[in-house]
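A short worksheet on the structure shown next.
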Amino acid sequence: MNWKPAVFISLVLAGTTTACEAKPNGEVVGENSAAPADTSAQPVTLKAADGVVVHGLYYEAQKPKALILLFHQASSSKDEYAAIAPQLVTAGFSALAIDQRSGNGMFGKNETATGLGRKADYLEARPDLKAALDWARTKSLPIVLWGSSYSSSLIFPLAARDPKGIVALLAFSPGEYFNDKSMIRAAAAKVKVPVFVASANSKDETGEADPIMAALPRSDRNVRFVPTHGVHGSSMLIASRNEAGAGENMRSVLAFLTRVVPSR
């Protein structure tokens, strides 16, 4: 399929890497470090359809424009968003960050994975994402799905299959990370809301993300974002992982959200 990206906010000349990133194979490199969790966050527990208890943190804005569901990358936890979620709240968005059962302690303890008592693969996390979506619908707010690495792929089939209330997707380093190497593209073709697809400028990253972007229905509201300074997943927005680019990248994210989230 021939494709040219609808929108580029920023192009890069070279990709960068920083300490402690998780790739979709679960490998973790570097030290643990993350900003302290926002003390105003409220612990939340959900129950997935198969009975697994899913732990999360709810960051509530005073007059929220939307509710953003924050899903983490491989070997990670809800604390991947400890420095990101407070910025979303300041911008007027409530956010729920969950611990998926496929994860670990890269940024902080993954309570869901610990409670499961065994290692889970990426696809097993799908009921956790669905539980978060069901919970979000009780808040009667527009819903935004946000994923990082493997979870940024899983938000496409979730939105395609169960779109009620979802107004936008943000996918940070998505790819065909599963046995079915066309599953995510097939789902992306059915997504009817604006999508922000971000990745670092490396052959591996763009090679995974570009075909998913190409599969989306044509829309001038979709954004393909390749930052000047980028790393894998939502880590590109965390200063301790991406000091040179985190602030600029977050501004691009907030600009997208401002454009696509309906006024209330």
**OP:** Quick one: which residue in Arg101, Arg118 is modelled with pLDDT of 95 or more and surrounded by fewer than 20 Cβ atoms within 10 Å (Cβ to Cβ)?
**Re:** Arg118
Original post:
Out of curiosity, is Ala66 within 26 Å of Ser252 (Cβ to Cβ) and in contact with a His (Cβ under 9 Å, 6 or more places away or on another chain)?
Top reply: no
**OP:** Could you tell me whether Val195 is under 16 Å from Met250 (Cβ atoms), of a type in the set (A, V, I, L, M) and under 17 Å from the mean Cα position of the chain (by Cα)?
**Re:** no
**OP:** Take the range 152-165 and flag every residue that is farther than 18 Å from Glu208 by Cβ and either surrounded by fewer than 22 Cβ atoms within 10 Å (Cβ to Cβ) or of a type in the set (Ser, Thr, Tyr) (or both).
**Re:** Ala160, Arg161, Asp162, Pro163, Lys164, Gly165
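Yes/no matrix, rows are residues, columns are (1) within 16 Å of Ala125 (Cα to Cα); (2) among the basic types (Lys, Arg); (3) touching a Phe, Trp or Tyr at 6+ places or on another chain (Cβ under 9 Å):
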| residue | (1), (2), (3) |
| --- | --- |
| Ser152 | yes, no, yes |
| Ala159 | yes, no, no |
| Leu169 | no, no, yes |
| Phe178 | yes, no, yes |
| Lys181 | no, yes, no |
| Arg185 | no, yes, yes |
| Ala188 | no, no, yes |
| Lys192 | no, yes, no |
| Phe196 | no, no, yes |
**OP:** Looking only at the range 45-67, count how many residues are assigned to a loop (DSSP other than H, G, I, E, B) and aliphatic (A, V, I, L, M).
**Re:** 5
Original post:
Can you name the number of the only condition in (1) in a helix (DSSP H, G or I); (2) surrounded by fewer than 17 Cβ atoms within 10 Å (Cβ to Cβ) that Trp135 fails?
Top reply: (2)
Original post:
Given the conditions (1) under 15 Å from the mean Cα position of the chain (by Cα); (2) in contact (Cβ under 8 Å) with a residue 40 or more places away in the chain, which single one is not true for Arg126?
Top reply: (2)
Original post:
Can you tell me which residues in the range 101-119 are β-branched (Val, Ile, Thr) and in contact (Cβ under 8 Å) with a residue 40 or more places away in the chain?
Top reply: Thr112
Subject >> Count of residues meeting criterion [polar (S, T, N, Q), under 19 Å from Ile166 (Cβ atoms) and in contact with a Lys or Arg (Cβ under 6 Å, 6 or more places away or on another chain)] in the range 181-237 >> reply: 0
Subject >> Some residue of the range 108-116 being assigned to a helix (DSSP H, G or I) and touching a Gly at 6+ places or on another chain (Cβ under 8 Å) >> reply: yes
**OP:** Kindly indicate whether any position in the range 222-241 is out of contact with any Asp or Glu (no Cβ under 9 Å at 6 or more places or on another chain), surrounded by fewer than 16 Cβ atoms within 10 Å (Cβ to Cβ), in contact (Cβ under 8 Å) with a residue 12 or more places away in the chain and not aromatic (Phe, Trp, Tyr).
**Re:** yes
Original post:
Quick one: which of Asp128, Asp121 is in contact with a strand residue (DSSP E or B) (Cβ under 6 Å, 6 or more places away or on another chain) and more than 27 Å from Ser263 (Cβ to Cβ)?
Top reply: Asp128
Subject >> Answer residue from the range 70-83, given it is surrounded by 24 or more Cβ atoms within 10 Å (Cβ to Cβ) and in contact with a Leu (Cβ under 9 Å, 6 or more places away or on another chain) and is farthest from Arg137 (Cα to Cα) among those >> reply: Glu80
Original post:
Do you know which residues across the range 84-98 are surrounded by fewer than 20 Cβ atoms within 10 Å (Cβ to Cβ) and assigned to a loop (DSSP other than H, G, I, E, B)?
Top reply: Ala91, Gly92
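The values are calculated or read from the model by the stated rules, or taken from the named source; none is laboratory data. None of the values given here were measured: they were computed from a predicted structure. Cβ atoms come from the backbone with ideal geometry, glycine included; neighbour counts cover every protein chain shown.
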